[in-house]
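For reference, the structure is listed below as structure tokens.
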Amino acid sequence: MPFDPLSLALFGLVLLIAGVSAGVLAGLLGVGGGIVIVPVLFHLLGLIGVEEHVKMHLAVGTSLASIIPTSISSIRSHIRRDSVDRDLLRSWAPWVALGVLVGTVLAGAMRGAVLTAVFAVVALAVAVHMTVTTQETRLSDTPPRGVFKGLTAATIGAFSAMMGIGGGTLTVPTLVLCNYPIRRAVGTSAALGLIIAVPGSIGFIIAGLDAPGRPPLSLGYVSLLGLLLIAPVSMLTAPLGARLAHSLDPRNLRRAFAFFLGLTSLRMFYGLLT
């Protein structure tokens with residue numbers, strides 16, 4: 001697929017901006033940056049002529065791959081502030097990884113429009129939840145235990161893999177509903193993002209190795225150009241987001257989380273209808 005120099009330069013500039021935004025959001029909200037990267041890549045890939053049936057898979061796969069360095073940078077910042085719950089992380093990690101495996105297999109078999117719909121619906125549902133509930137709203141006094149813990153963590157892993165997100169989009173509101181401090185939820189979800197991103201990106205690489213219609217410089221469903229432009233700047237800006245997370249009012253943090261989710265969801269719905 002040919003690129004003219006102007007289109008390539010514009011593509012690179014927007015990817016750099018997306019990388020900065022993704023890094024700040026990764027540290028600020030524990031979302032791994034995918035909530036920004038996926039819709040940006042989805043629409044950019046369409047503008048440069050990538051075929052409809054592969055562009056959502058490429059957006060998700062590239063997002064998962066770029067989340068890896070971002071999560072590492074974000075995790076370091078949150079660990080320094082003692083906002084990562086290591087016990088919960090160890091308890092949830094195997095179930096999240098299992099969910100990622102299931103979600104990656106399902107995503108590889110889905111049409112691009114279905115993946116887009118999954119992203120838009122789940123993001124909108126979480127945004128509405130964050131908007132209409134208060135910080136005092138609780139479903140439980142403690143995080144889920146036993147079989148419910150496994151189901152919750154696996155579901156988060158599966159949908160995160162299908163959406164190309166780091167897990168904070170689902171992990172943060174879930175933990176907050178279970179009477180968990182939001183800053184600790186953000187830090188722990190950043191660590192879970194790495195558990196989601198590594199196997200998820202490998203799965204999307206494998207699933208897309210023989211897929212037709214991919215742009216140049218793609219490894220499976222991962223755009224190497226997108227990865228090389230997004231990952232460095234997002235990794236550098238993630239600590240800034242982590243510092244902001246510890247200085248902002250939790251209510252403002254909640255509003256910011258809902259705003260970005262809602263905006264992203266509406267943009268994806270627009271893409272489905274046009």
Across 10 Å bins from the origin, how do the percents of Cα pairs in the range 1-131 run, short distances first?
-> 11, 34, 37, 14, 3, 0
Per-residue Cβ contact counts at 10 Å, fewest first, order Thr131, Thr174 as Thr131, Thr174
Stokes-Einstein D for the range 98-175 at 4 °C, 1.567 mPa s, Kirkwood Rh over Cα pairs, in µm²/s?
-> 97 µm²/s
Using per-residue counts of other Cβ atoms within 10 Å, averaged over each peptide, order 62-74, 230-242, 197-209, 145-157 from highest down.
-> 62-74, 230-242, 197-209, 145-157
Semi-axes (Å, rounded, descending) of the ellipsoid equivalent to the chain per its C-alpha gyration tensor are 29, 19, 17
Under DSSP H, which helices of the chain have Cα atoms covering 20 Å or more of the helix axis and a Kyte-Doolittle average no less than -1.0?
-> 5-29, 52-80, 86-109, 112-132, 146-163, 182-207, 224-245, 250-273
Whole-angstrom gap from the range 81-142 to the range 220-271, using each part's C-alpha centre = 15 Å
In the range 20-91, what is the volume of the convex hull around the alpha carbon atoms, normalised per residue and reported in Å³?
-> 90 Å³
For the range 117-267, the spread of Cα positions along each principal axis, largest first, Å | 49, 36, 28
Residues with amide H under 5 Å from that of Ser218, placed H, sequence gap 5 or more = Leu224
Across His43, His129, His78, the residue with the highest GNM fluctuation in the chain (Cα network, 10 Å cutoff) is His129
By count of other Cβ within 10 Å, fewest leading, how are Val54, Val100 ordered?
-> Val54, Val100
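Read-outs: derived from the displayed coordinates by stated rules, not from any lab. Not measured: the values here are computed from a predicted model. As a convention, Cβ positions derive from the backbone with ideal geometry for all residues, glycine included, and neighbour counts pool all protein chains shown.
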